[in-house]
1. Which of the residues belonging to segment 47-92 are surrounded by fewer than 16 Cβ atoms within 10 Å (Cβ to Cβ) and either in contact with a helix residue (DSSP H, G or I) (Cβ under 7 Å, 6 or more places away or on another chain) or not in a loop (DSSP other than H, G, I, E, B) (or both)?
2. Considering segment 15-32 alone, what residues qualify as being surrounded by 13 or more Cβ atoms within 10 Å (Cβ to Cβ) and either in contact with a helix residue (DSSP H, G or I) (Cβ under 9 Å, 6 or more places away or on another chain) or modelled with pLDDT of 85 or more (or both)?
3. If I go through segment 33-46 residue by residue, how many of them are exposed (fewer than 14 other Cβ atoms within 10 Å of the Cβ) and in contact (Cβ under 8 Å) with a residue 60 or more places away in the chain?
4. Identify, please: which residue in segment 47-65 is closer than 14 Å to residue 34 by Cα and modelled with pLDDT of 95 or more and is, among those, farthest from the chain's Cα centre (by Cα)?
5. Looking at this structure, is residue 37 at pLDDT 90 or above and within 19 Å of residue 112 (Cβ to Cβ)?
């Protein structure tokens with residue numbers, strides 16, 4: 001998904017940094033039922049609490065790493081965690097950031113038209 005010069009270098013550096021933190025290689029195997037890389041999405045707020053982001057915003061499913069199952073006690077069965085590249089840097093509900101990319105649970109993603 002080459003969209004501008006230097007992207008491959010950024011993706012390689014980001015992937016290496018993330019793999020260092022998580023202590024394992026990121027998955028490259030894309031689940032067959034997952035949203036494809038390049039899908040435009042709107043990141044939405046949860047209806048039950050004021051998060052996980054300060055506001056709703058748009059981005060794109062990134063090919064930085066394949067979607068993986070959410071490993072959290074509040075996850076829905078089969079829920080996936082996607083890498084999303086934001087159109088504009090964003091702050092999370094705690095005010096941390098700004099972030100340009102993050103893993104987002106699929107319950108907070110609404111595909112949009114280009």
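The values are calculated or read from the model by the stated rules, or taken from the named source; none is laboratory data. The shown structure was predicted, so the numbers you read here are calculated from the model rather than taken from an experiment. Glycine gets a Cβ as well: all are built from the backbone with ideal geometry, and neighbour counts include every protein chain shown.
1. Passing the criteria: 58, 69, 76, 79, 87, 88, 89, 92.
2. Within segment 15-32, 26, 30, 31 qualify.
3. So the answer is 2.
4. 60
5. Yes, satisfied.
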